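Q: Before we start, here is the structure in question, set down as structure tokens.
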């Protein structure tokens, strides 16, 4: 765990601006894959989706992240058509705050409701990816950011499940870790919104 801390600190030090390449440098799977990994806004949103899914347990572990990915792809496609979508950046920031809060408060809702909530935010995340693409190769770039999103969701699920295992063994720190990560994400979302 001590070795992981510096890596997490470096990841959290990334700013949203680092996720955006200059126009003309998109179009590869590698560019698409790296895009969500270098923006704190993307990282926090994707990991909290996985954390929430792990808190819900059961079928939600795959259904909630799958809903996010499916609607994110639809949002990406919508952006490629040239349609305008208002409030993209505010909704991305709201996704971090809202998803962080539901994890911090361990909100339990019907799986379909949770999937619908993450799907709303996913539309804006996908749309943002599509508007940044320009005329580059959309299929390769899209494949890359979908893979990175799945990876970040999996990290969130794995951390949440590990924390739940610790909690089941009678150690309250497991519950505190997950809720603390949710609270930290929500606070980071607020800081990004006003920073």
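The values are calculated or read from the model by the stated rules, or taken from the named source; none is laboratory data. What you are looking at is a predicted structure, and each value in this text was computed from that prediction instead of being measured. A quick note on method: Cβ atoms are made from the backbone with ideal geometry, for glycine too, and the neighbour counts reach across all protein chains shown.
Q: Report, ordered by the first and then the second residue, all pairs with beta carbons closer than 7 Å, sequence separation of six or more or different chains, a first member in segment 144-159 that is at positive phi and without any contact (Cβ under 8 Å) to a residue 60 or more places away in the chain, and a second member that is surrounded by fewer than 22 Cβ atoms within 10 Å (Cβ to Cβ) and part of a helix (DSSP H, G or I).
A: Nothing qualifies.
Q: Taking the options 172, 191, 167, 163, name whichever one is buried (at least 21 other Cβ atoms within 10 Å of the Cβ) and more than 15 Å from the chain's Cα centre (by Cα).
A: Only one candidate qualifies: 163.
Q: Can you tell me which of 139, 152 is under 19 Å from residue 34 (Cβ atoms) and loosely packed, with under 15 Cβ neighbours inside 10 Å?
A: On inspection, the qualifying residue turns out to be 139.
Q: Still on this model: Starting from segment 81-92, take each residue that is within 18 Å of residue 190 (Cβ to Cβ) and list its partners that are at pLDDT 95 or above and in a loop (DSSP other than H, G, I, E, B), counting only C-beta distances under 9 angstrom and pairs at least six apart or across chains.
A: Pairs that qualify, where the first residue is within 18 Å of residue 190 (Cβ to Cβ) and the partner is at pLDDT 95 or above and in a loop (DSSP other than H, G, I, E, B), are 91/85.
Q: On the basis of being touching a residue at least 12 places away in the same chain (Cβ under 8 Å), closer than 16 Å to residue 41 by Cα and assigned to a helix (DSSP H, G or I), does residue 117 make the cut?
A: It is false that residue 117 is touching a residue at least 12 places away in the same chain (Cβ under 8 Å), closer than 16 Å to residue 41 by Cα and assigned to a helix (DSSP H, G or I).
Q: Does residue 100 satisfy being crowded, with 17+ Cβ neighbours inside 10 Å and either at pLDDT below 95 or touching a strand residue (DSSP E or B) at 6+ places or on another chain (Cβ under 7 Å) (or both)?
A: no
Q: Working only within segment 28-67, note down all residues that are surrounded by 24 or more Cβ atoms within 10 Å (Cβ to Cβ), farther than 27 Å from residue 167 by Cα and more than 9 Å from the chain's Cα centre (by Cα).
A: 32, 35
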